[in-house]
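*Asks:* Please see the structure below; I have some questions.
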Amino acid sequence: MTSYHGNHGGPGIIKNWSGTIVQNYTSNPAAWWGADSNMAYFGFESITDGTSNTALISEKLLGIAGSASIPATGVAAKRGFFLASYDGAYNTGDGTKAQTALGICKSLPGTTTTTNTYLSGAHYSLSYPWHTSNVAYVHFNTPNGLSCYTSQGDGNPGNPWGGTSAMITATSNHSGGVNVCLADGSVKFIKDSIAATTWWALGSRNGGEIISADAY
């Protein structure tokens, strides 16, 4: 079963809250981190990368009730969350660090098992703005890859709900990709094979990236 989640942005390690549907800072409910200029609220004028080059929402497979333990090679692995070990410091602007983190997630041993498998889409009606995995996804790991989080870094590390530098990945049961609605209202089928940096650029509303028309 698939739900639709809002675009939280590109890798938080580079620049957090860079997407089109992101948290605003409040003291009630208390945020897990401080105020940030990239947080909501904003309008279309803030999508400086262009509405036809910026994601709005994507498919996201729902979690599994009861938090079943699933190995990374399992059929339902795309529904779970995997604890990895990478430097989760956020807002660093460091693309190399983000690539390193991505490589660690992609190379997790097949015997690694999920944690908190139910979280994707959980408590959806309550929104839970600080719990990325409930209502949002991140342009970090490429479509239909694993969703990883880390116990290192800052911004509430070790948090399977998403934190600041997790890879809450867009997923679907389609063969080879996911449907993504862009900010201009168009829908594109994005292949699993998309280059990571292109996927990151589609997730950023104001990163200044240039995306070729044939890049996805």
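Read-outs throughout are calculated quantities, based only on the coordinates presented, and are distinct from any laboratory measurement. For clarity, every value in this text was computed on a predicted model and none was experimentally measured. As a convention, Cβ positions derive from the backbone with ideal geometry for all residues, glycine included, and neighbour counts pool all protein chains shown.
*Asks:* Count the net charge of all other residues whose Cβ sits under 14 Å from the Cβ of Thr117, scoring Lys and Arg as +1 and Asp and Glu as -1.
*Replies:* +3
*Asks:* Springs between alpha-carbon atoms under 10 Å, Gaussian network over the chain: tell me which of Ser67, Ser204, Ser147 tops the mean-square fluctuations.
*Replies:* Ser67
*Asks:* For the chain, calculate the relative contact order in percent as a whole number, restricting contacts to Cα pairs under 8 Å that are 6 or more residues apart.
*Replies:* 29
*Asks:* Tally Lys/Arg at +1 and Asp/Glu at -1 over every other residue whose Cβ is under 13 Å from the Cβ of Arg79; what's the total?
*Replies:* +1
*Asks:* Using Cβ counts within 10 Å as a stand-in for footprinting exposure, how do Ser85, Ser172, Ser3 rank, fewest first?
*Replies:* Ascending number of Cβ neighbours within 10 Å: Ser85, Ser3, Ser172.
*Asks:* Right, another one. What is the local net charge at Ala183, summed over the other residues whose Cβ is closer than 13 Å to its Cβ (Lys, Arg +1; Asp, Glu -1)?
*Replies:* Around Ala183, the charge tally is -1.
*Asks:* As a test, work out the antiparallel percent of DSSP beta bridges whose residues both lie in region 3-122, rounded to the nearest 5.
*Replies:* In region 3-122, DSSP labels about 90 percent of beta bridges as antiparallel.
*Asks:* If pairing requires two Cys Cβ atoms under 4.7 Å apart, which cysteines of the chain are left without a partner?
*Replies:* Cys with no partner Cβ under 4.7 Å: Cys181.
*Asks:* How big is the antiparallel share of DSSP beta bridges in the chain, given as a percent to the nearest 5?
*Replies:* If I count the DSSP bridges inside the chain, around 75 percent turn out antiparallel.
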